[in-house]
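Heads up: the structure comes next, in structure tokens.
The values are calculated or read from the model by the stated rules, or taken from the named source; none is laboratory data. Everything numeric here is computed off the predicted structure, so don't read it as measured data. Don't worry about glycine lacking a Cβ; one is built from the backbone with ideal geometry, like all the others, and counts go over all protein chains shown.
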């Protein structure tokens, strides 16, 4: 998707694809294995110093991943779910 590199690290956008075969622990509860193949977008920010990684943060939209897994939240509208789940990890 895209990447930016500097002397202090890099920022990378990518698409991950995988099969959920284990329990997913999210900020909103656990999701039992679904066996579904899912794909979602991620942005990673990696900081480095003297050739070593000093920090690595991944950011993604939880609603995108949980929608792909078929997870529903009772009592929340689709817009409210999206707003509530758009948190960095």
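Checking the stated criteria, residue 17 turns out not to satisfy the condition of being more than 17 Å from the chain's Cα centre (by Cα) and at pLDDT 85 or above.
Pairing residues of the range 7-28 that are at positive phi with residues that are assigned to a strand (DSSP E or B), at Cβ distances under 6 Å and at least 6 apart in sequence or on separate chains, gives 9/46; 9/47; 9/48.
Which count do you get for residues in the range 20-41 that are in a loop (DSSP other than H, G, I, E, B) and modelled with pLDDT of 90 or more? So the answer is 9. In the range 42-75, the qualifying residues are those that are in contact with a helix residue (DSSP H, G or I) (Cβ under 7 Å, 6 or more places away or on another chain) and not in a helix (DSSP H, G or I), and the one that is farthest from residue 9 (Cα to Cα) is 73.
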